[in-house]
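Worksheet: one structure, shown below.
Read-outs: derived from the displayed coordinates by stated rules, not from any lab. Only a predicted model underlies this, so the values are computations on that prediction, with no experimental measurement involved. Neighbour counts run over all protein chains shown; Cβ positions are idealised from the backbone, glycine included.
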Amino acid sequence: MAHKKFSAEQVVAKLRQIEVLQAGGKSIPQACKEAGITDVTYYRWRREYGGLKANQAKKMKDLERENQRLKKLVADLSLEKAILKDVAGGNF
């Protein structure tokens, strides 16, 4: 089965669709099958996005990407600082 990448808004929409199907009397496996995802994916998404609206989910993903970028930047700067410290101290 092909791996699909869903946006945060699409994930929230799928979760809402499954909630509606469940309210209509379908079981979780049936609702997931109708939505085109697996049960495992549903539970993972529900744990990560449960209770969020589409705009909140998008903002959360944007903040996660920004956080990753900043962590990488801090690591790079720390490495550069350590190298400069070694060179300045003559420990090479």
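Under the 0.36 nm per residue contour assumption, what length would be gained going from the current alpha-carbon distance of ASP76 and GLU19 to full extension?
The span from ASP76 to GLU19 would gain 16.1 nm if fully extended.
Distance from the Cα centre of the stretch 1-36 to that of the stretch 44-65, in angstrom?
Rounded to whole Å, the Cα centres lie 15 Å apart.
Where does the Debye-calculated log10 I(q)/I(0) of the stretch 8-89 sit at q = 0.14, 0.16 Å⁻¹, using only Cα point scatterers of equal weight, no solvent?
-0.59, -0.67
Quick one: among ALA57, ALA23, ALA31, which has the greatest mean-square fluctuation in a GNM of the chain with alpha-carbon springs under 10 angstrom?
Comparing ALA57, ALA23, ALA31 in the GNM, the peak value goes to ALA23.
Along Cα→Cβ, 7 Å out, is where each label goes; now give me the distance between the ones at LEU52 and LYS4 in nm to one decimal.
About 1.9 nm separates the two model spin labels.
Counting other Cβ atoms within 10 Å, keep those with at most 10, restrict to DSSP loop, and tell me which trypsin sites (Lys or Arg not before Pro) in the chain are left.
LYS4, LYS5
Rounded to the nearest 10 degrees, what's the angle between the helix 39-49 long axis and the longest principal axis of the chain, both from Cα atoms, 0 to 90?
On a 0 to 90 degree scale, this one is about 60.
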